[in-house]
Amino acid sequence: MTYPSQFGARDLAPQRADAGAHPFLALAGGLLMALFAGAGGAVAAGDAGEAPQIASEGTEAPRPVVTEFVREATRDIRAFPGLIAAQTETSLAFQTAGRLASRPVSVGDRVSRGATLATLDQVTLTQDVAAAEAAVRAAQATAELAEQSLARVQALSERGVAAANQLEAAQAQNESSAAQVLAAQADLVKARDAAKFAVLRAPIAGIVTATPVEPGVMISAGSTVMTLAAEAGREAVIDLPSEMLPLLSAGTEFTLQRRAETHNPSPEAVSGHLRLIEPLADAGTRTRRIRVSLDEVADGMRLGSLVMAQVDSAAFAGLTVPRSAILEGRVEVEGVAGPMVWRVRKDKREAEAVAVDLGDTFDMPLTVLDPAAVTGAQGASRQNGMDDRVIVYDGLMEGDEILTRGVHSVRAGMALGARVE
């Protein structure tokens, strides 16, 4: 410690200069200097006692770092809710216009193929057929009259009595009447077909899921009368964040479990596989809807049931690390070229560089970036990223401890601080 000696040099030196004139002050100054020297020796001893806790000159102190243990990618995936739906849903409609007379089925009813689902007003359709038949008879009578008139005018024209314009008018009237007969006959066929289409039958066996039209309402041809879900085939409809899509590929296995209820407190889980990822994101939540086909329809997996779905851990064995842990680009440390991470050696806490493989193994065209625009390790990591994490396929093992912060200020062999939870 230098403070006592400086204090003595600054404040006590004048007293030593005047020692001859003031003996008492000289004696007091000597005593003070002795006291300060003793105090300085005590502080130095104290410093020397604490020296073992501080690295000596030339020895590097352990560097405090932030680390984490590598884990499987599926552990980052939480369970997401979904609804059970039919793989095939059909919107049913009448092929003709009319008034809905009856609808003997309701939402939730099971129907067999060929069962009657709805009917139109038969009285109105029968009247339409009768009117069409009468129109055909009238057109035929008009055509017969026009044909007779043409024959008379032709006879008069041959005798030179009828003018040429009269003959042309008779011919035009005859052709027009014949065309009206054809039109009336076509209307009759249409009316008779409409009478046949007055009954709506189930094209497949299934369950009625919607009935937007009530009896007594006038409907047009093609208007949806009800929706029928096919009996065969069930799937779970799930909305996922877009960041989860790179983890999925066609056929990815899922485990689905129905939410526990009072009458079934421990529902069994069923397996399924990814069938479809819808191409458009939801405008409000920016989530993407996926459809997972159930391998088998278990009891209780009824339409509309709430389920929890999670990616099967055995279907995807990839590991994930934070993007901040990766040294990307043209990086080379002691023969290890990037992309790479810093791993903590298990035998002693020192940093070692490990090359990692971030190659994309997914063949689905549903990544955040266009695969054609991805170049270099940085693009690959972003393409494979899940939120702020990156999928690693080679170079690391589950349980490895890696650095996640300050990776650019660490060098190989650097001593690292003890892990503190």
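The values are calculated or read from the model by the stated rules, or taken from the named source; none is laboratory data. None of these values were measured; they are calculated from a predicted model. Reconstructed Cβ throughout: ideal geometry from the backbone, glycine too, with neighbour counts over all protein chains shown.
Here are some notes:
- Subset of the range 83-113 (residues that are assigned to a loop (DSSP other than H, G, I, E, B), within 33 Å of the chain's Cα centre (by Cα) and of a type in the set (S, T, N, Q)): GLN87, THR88
- Extreme residue, surrounded by the fewest Cβ atoms within 10 Å (Cβ to Cβ), among residues of the range 368-415 that are modelled with pLDDT of 65 or more and part of a helix (DSSP H, G or I): HIS408
- No other residue among THR67, THR126 is among the polar types (S, T, N, Q), farther than 30 Å from GLU235 by Cβ and either assigned by TED's automatic domain parsing to the domain that holds THR209 or buried (at least 17 other Cβ atoms within 10 Å of the Cβ) (or both) apart from THR67.
- Entry remark, the range 190-208: residues being surrounded by fewer than 18 Cβ atoms within 10 Å (Cβ to Cβ), of a type outside the set (Lys, Arg) and at pLDDT 90 or above number 3 in total.
- Residue in the range 242-251 that is acidic (Asp, Glu) and assigned to a strand (DSSP E or B) present: no
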